[in-house]
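Where a number appears in this text, it was derived from the coordinates with a stated rule and is not lab data. It should be emphasised that the depicted structure is a prediction, and the values quoted were computed from it without experimental measurement. Ideal geometry is used to build each Cβ from the backbone, glycine not excepted, and the neighbour counts take in all protein chains shown.
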Amino acid sequence: MDLVFRVRKSDASARLSDLKTKSGTLTLPEFFPVYNPNKPVVTPKEMKEMGIRALITNSYIIYKSEELRRRALELGIHSLLGFDGIVMTDSGAYQIYRYGDVEISNREILEFQHAIGSDIGSILDVPMSSEISRAEAEKGVMRTLKNAEEWSELKDGLKGTLWVGTPQGSIHTDLVEYSSRRIRELDFDYNGVGSLKVALERYDFTLQAKHFLLVRSILKSGKPFHFWGIGHPSTFAFFAALGADSFDSAAYALYAEQGRYMTPHGTLQLEDIEEFPCSCPVCTRYTPKEVRELPREDRTRLIARHNLYVSISEIRKVREAIRGEWLWELVQERARFHPKLYAALDYVLKSWGDLLEVREPFSKSSGLQYSGPETFFRPEVVRARERLRSLSFERYVVRKLYGRVPVGLKYVYPFGQTVFPYEEDPADEPSDEELVSSLLSYQYHPSLSELGKGASIRRSKRTGMPREVLRNGITIGFIRPSDGMFVPTLQGGEQMLRILPSPRSRVCVKERFEETVARGTTVFVKFVEWADPLIRPKSEVLVVNSRDELLATGKAILSGREYGDFDGNHPFILIRRHKLPREA
């Protein structure tokens, strides 16, 4: 089947998205618990009852068992597991890491995954530790790419399964870049990023983040990113904020075998717990003392179930944070509980800010909460300070996060929605002209400040807040209550176009789609001739034709730097106002 991946909302670099598979549509970000049929600590049936919608199992383990292989081929992987959700299969790559090789060819494992009905399959790549030599890394990269190229030759016969391509190279940056460029060219359905073994066991989250962001910077943005082996719930928010769309791990079971009890903030030892700090079904039914006194197998099973409940709860919280646009606050909270996670957050904000800013929504409906010194380096904060440098107005207030802010931006995101300890909201009120000039200059371009001259504002009778913007008696736009942003009317858009330098805030559609868009149809990626690369999710944009004539106004779903990586049927701009009436 062709990839259908649709981004619905963004926050930080995370995407709340829908991924269509042959077994149903999956909402990402998601966590795939690993199920080992040889060690069924928690069964797939139990997982489904707990709320798990997708899992991953090892196709090589199934293939190696004559009985499991026969049943998988006869019944299909879903019936074999007793799981009607979405099933992803690993290829045996982990066995290569552990034992050096596997007794199956890449072609055989590809065809086997397809034959048993995997929703998402993977090539036989070569996972690497952070301590592998360059010579071994080169060898592994070459084998991975050879197998990736073989998949490309076979892919027409493997349709229906979504395939993951994972670059390799360990800490050797040039190898990772080379491998990533080749994987991009081969055009897999799903981008994979391999966590670096050893470093992961040492909680070196900085190295993991660096590796993930390097790969992400090269692979196509229009496909989901799976981060192999990331399984502790305390890290889900952080890696989702960097752009990971899914994770997998057996840690829930491996930790349980060691008596390790997961929480969203870290791990506790069962022997040290007097009261369970959780209200999942396991923790409400048993006391720590009762669990400790159980036989080892029963004890392991209960802790594993708890660990899964915590993982489910955390990935749901991540999705809700994206919906509510407070993901960075969640990331900062989680980082406070682990020094190495905090170090990784500090590193990515200071070293990868440009990449993170590309997906950062231009505005948010939630407030920006100061959560520590790293807040100064959040992408939307840095972007706001940079935009302020190009503005020149008479009256300013000083804000601790942003420096000198024009009074006219009092109600505009992020300035008017920032909560900073011991900082009072500025008392000065902007005049109508100040507000409109400052807002248009900040949101679009300094040249639009002249539209503020002679502008007037109608305010809400109930709240007194600015709502409608008029100029010479014409309504040129409205001020959105949630974030103070300017939403232009068609008349306002026409006036803006006469002043705005091209290509600022524009999306130009191809000639054959002009009338379709002018009648109010969503602007899909395939409609677009070019777009302003500075457009970000939630930017208000002007949709034009090649003659720079206004067709419509709308709101961006994707970034102007990334939209071209998405398939042609992905929405790019949701139309607000359009020049021609809709057809009956």
- prompt: To the nearest 10 degrees, how steep is helix 66-75 against the longest Cα principal axis of the chain, on a 0 to 90 scale?
  reply: 50
query: Pairing the Cα long axis of helix 339-351 with the longest principal axis of the chain, what angle in degrees results, from 0 to 90 and rounded to the nearest 10?
result: 50
message: Can you return the aspartates and glutamates within cross-link range of Lys538? Criterion is Cα-Cα under 17 Å, with same-chain partners fewer than 8 residues away left out.
response: Asp11, Glu325, Glu357, Glu360, Glu380, Asp483, Glu562
- line: The relative contact order of region 372-513, taking Cα pairs under 8 Å that sit 6 or more residues apart, comes to a percentage of 16
Residue order, fewest to most beta carbons within 10 Å, for Leu186, Leu542, Leu214: Leu186, Leu214, Leu542
message: Please rank Phe212, Phe276, Phe572, fewest neighbouring Cβ atoms within 10 Å first, as an exposure proxy.
response: Phe276, Phe212, Phe572
message: Contact order normalised by length for the chain, with contacts defined as Cα pairs under 8 Å and 6 or more residues apart; what percent is it?
response: 11
Cα centroid separation - region 262-294 against region 373-393, whole Å: 44
query: Over region 147-268, what is the relative contact order in whole percent, taking alpha-carbon pairs under 8 Å and six or more residues apart?
result: 20
Helical mean residue ellipticity (222 nm; -39500 (n - 2.57) per DSSP H run of 4+; nearest 500) of the chain: -10500 deg cm²/dmol
- prompt: Helix 233-242 versus the longest principal axis of the chain: what angle, 0 to 90°, nearest 10, using Cα atoms?
  reply: 50
statement: Over 29 Å (Cα to Cα) among Lys22/Lys220; Lys340/Lys555; Lys9/Lys139 -> Lys340/Lys555; Lys9/Lys139
field: Percent of Cα-Cα distances greater than 41 Å, calculated over the chain
entry: 31
message: Checking the cross-link filter: which lysines have an alpha carbon closer than 16 Å to that of Lys410, excluding same-chain neighbours under 8 positions apart?
response: Lys364, Lys400
- line: Listing Val358, Val509, Val4 by rising number of other beta-carbon atoms within 10 angstrom, fewest first, gives Val4, Val358, Val509
field: the chain - Cys residues lacking any other Cys C-beta under 4.7 Å
entry: Cys280, Cys508
query: Just how far, in whole angstrom, is region 188-234 from region 1-52 if you go by their alpha carbon centroids?
result: 17
